[in-house]
Structures are given as C-alpha cells and as structure tokens.
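The numbers here are math on the coordinates, done by the rules we state, and not lab data. Remember, predicted model here, so these are calculated numbers, not experimental data. Note: ideal-geometry Cβ built from the backbone for every residue, glycine included; neighbour counts use all protein chains shown.
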Amino acid sequence: KQFITNAGFADLFITFAQVDGEKFSSFIIERNWDGISLDEEEKKMGVHGSSTRAVILQDVKVPVENVLGEVGRGHIVALNTLSIGRYKLSPLAVGSAKILISEGVKYAKGRVQFGRPISEFGLIKHKIAEMVIKTYVNESMVYRTAGLLDMTLVGIDPSSEEAGKKTGEVLRKYALECSINKVFGSEMLDYIVDECVQIMGGYGYIQDNLVESAYRDSRINRIWEGTNEINRVLIVDMMMKADRKGELPLVEAIKKVTGELLSLRPQMGEEKEVLENERRMVSMTKKIGLIAAGAATQKYMEKLADQQEIGALIADIVIQIFAMESVLLRTLKKIQKDGKEKSKIHIAATRVYINDVFPKIDLLARQIFAAISEGEELKTQLMALKKLARYTPINCIDLRREIADSVIPTASYHLTKR
C-alpha cells in the first residue's frame, strides 16, 4: 500500500481487500501484528510534518471482528471516507488562505518602494482584493455545505447501531458538493499562495519562511482525496446518476429551459434591489449550464463519460454555479441581518466575483457547443447562448480597491467577523 499518510506513527490502519476473491471489504489492522512492515520514509516536496511511507502486508491474519462495516460493502466505507476528506480539505484551504492574506498584507505594508509602501500600489491592491474575494467565496461554500450536512444529520443518534449507516447515507447524498468543495478549495489556495509569494518577491522564494513552505504544502491538495481531474469526472457522473435515480430532475430542467429560450428576454440595467443583476447572472448561469449539459448528453448519452474534456467543461460550470450562488445567498443573508452599510465589503466581493466569472461561463459553454455541434445546429446554440450570457460590465477596479483598503489597516481577513 503506497504513500500512506501518517504511516510512521499510526497504531491502526484501515485497509481494503477482497474476501473470497470478489467481495470488496474494509478491515481494521494493527501495526504490531505479524506480517505488517513499513518501507522507508518518503522525501516529499511539502507537508514535512506528516509521515508518508509504504505499508507492506504479507500473510497478515485479520480476525473477523475487525471487518469495518459489512463484508462485500467496503466500497461504502471507501467512498464515504473520500467524501468527508474532500469536504474537509475546503475549510483547511480557507483557514490557510486567511493566514496567507495576513502574511502578504503585513509584508506589503512594510515594504517601501519609491517612498511608499507597496500596499498603496494598484496592482498589489488588486492581488490583496482577489485573495480576500476568493477566500470569502470558498468560505461561503464551506458554510453552506456544512449547513446542508448538519440539517440532514439532525435526528441521527450517534450512539445507535444504525448511526454509521445513516451518516454514510447523508455523505453519499452530498458527495457531489464534497467534490465541488475539494476542487474549488484546492485551486483557490494554490492561487492565493502563489500571489502571496509574488507580493513578497524574492523573500517569498527564500526557504524557512511560512509563505515558501505554504507554497510547497499547497500543491498536494490538488492530488490527494482524488485528483481534481477525477473529481471533475465524478461531478458529471454523479449528476447523471442522480438524474437516472430521480434524485435530481436534470433532464426535466433541461427541457424546461430549452422551452423558455424563444420567449426569454434577459434584462440587465439599473438595479431596483441590491445585487439584482448578480441574481440574474446566477440564474442565467444555471440556464447556460443546463443547455450545455443537455446538448452534450443528447449527443453522447451513456458515453458522455468517455468525453472527459467536455465533462470537465461541464464540471467547471457546475462548480461555478455552486460558488456564485453560495456567495450570493450568504451576502443576501448578511444584508438582511445587518443592513447594506455594514455589508458594503461583502456586497463588493460578491459583485466582483460574479461579474468576473459570468463571462467565463459563456466561454466554457462555447467550447462545449463547438466540440459537439457544427453548421446550423452550432449557430442556433450560440444564438441561444448570446441571449443568456448578455450582461453589462461594472467597474470592478474601484470595488477591488475598496476591498483592499478595508483589509490593509489590520492586515487580516475580516469578512467572517463583520
């Protein structure tokens, strides 16, 4: 068993094997048993505080009471473990991002060039604001998913015999959201640590400082708990399976949106309510995702899984739908609770994120349509997309400056507290 995290100081291991050559099962094995040995410690790029070694099993005898779950149901244990691991990676990324924001801003305030702290320069403010915005969005996704899990876990007695089984059912229900969190969080943190190194310049590249080690440590997050590539494949696969089971009425929603296209008249202009245009953009993004996924499904049917490039484009739209909607819902709740004035920075972050992402959704959909259609069919699809993707750009530069200026004085992420 290769690359086992914390193998060097673990007393117990969870492993998987086939009973009778066909029943995939999970087992608890103990380090001091006969037949268990460890290979040498791996020399890794990052996460040096953890142990990573190969675990070698040779004729290990496992008592029947050490079966975890049921014989032949080991895949349930494996998949649920992956789901919770994928989800937990996202709050880990958020916490790390907050520390990096503080480190980057502190340095920018103290680094003087041309007689001014570099924190006063526009491009540095842009970086600081983007770090804050992406953290706020990811944090919104984390809280939303935690809320979904909590609401579904209510009523399960953790001491009951059925607790494990029922908890597993909840995790399976939200496996899609767990994968979305994993992909977004790991890529968000990679972006932020890279920008933090850039703000610090040569000092960020020197060993034995927090930012340099964070840069190396962050890289593993896109690999473990299932690579981001396999999670993108799984996002589409889980959606299709949920539709076939009747858990997610995807085909029905696709038909509804397709029927609405002829009469659709999207309006983007003067807002009557706060974040009104952003609400429209989130709604339009859902429709774009549906018609793009619908067109791809109609062409490939069950073989869509073989078209991984198209599947990844669909997954990226799905991830952004969840991200955009999560930050929008959170900010609207904040406004409802504390009013517009106390929510100014939250509103600014929400507007910048949604206005930045929306045109990228258009490009993702265009790539899907270009890959699956041609001629008149492609023209028709692009005309429908043009209707849905219409929007009026806003001045994101001023909004980013406002966000950066709110963070620089204290050199800390403050959107959770406010």
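Inter-part distance, the range 358-418 to the range 133-163, computed on C-alpha centroids, equals 28 Å.
Across the range 4-68, Cα-Cα pairs more than 21 Å apart make up 30 percent of the total.
Arranged from fewest to most other beta-carbon atoms within 10 Å of their beta carbon, S26, S51, S83 become S51, S26, S83. In the range 74-228, the alpha-carbon atoms span a convex hull of 120 Å³ per residue.
The ellipsoid equivalent to the alpha-carbon distribution of the range 248-407 has semi-axes of 32, 16, 15 angstrom, derived from the gyration tensor eigenvalues as √(5λ) and listed largest first. Packing around the peptides 90-98, 382-390, 408-416, taken as the average count of other Cβ atoms within 10 Å per residue, puts them in this order, highest first: 90-98, 382-390, 408-416. Which FRET efficiency value, to the nearest 0.05, is calculated for K333 and E161 with the Förster distance at 22 angstrom and r the Cβ-Cβ distance? Once the sixth-power term is evaluated, E becomes 0.05.
For the range 55-127, the number of Lys pairs with C-alpha atoms closer than 20 Å, counting only pairs eight or more positions apart or on separate chains, is 9. Given their separation in residues at 0.36 nm each and the Cα-Cα distance between them, L382 and K173 gain 71.8 nm when the chain is fully extended. The chain gives an Rg/Rh value of 1.00, both radii derived from C-alpha positions and Rh following Kirkwood.
Look at the dipole of the range 69-194 built from charges on Cβ: of V77, L92, P117, the Cα furthest out on the positive end belongs to P117.
Computing FRET efficiency as 1/(1 + (r/R0)^6) for K106 and V19, where r is the C-beta to C-beta distance and R0 is 41 Å, gives about 0.15.
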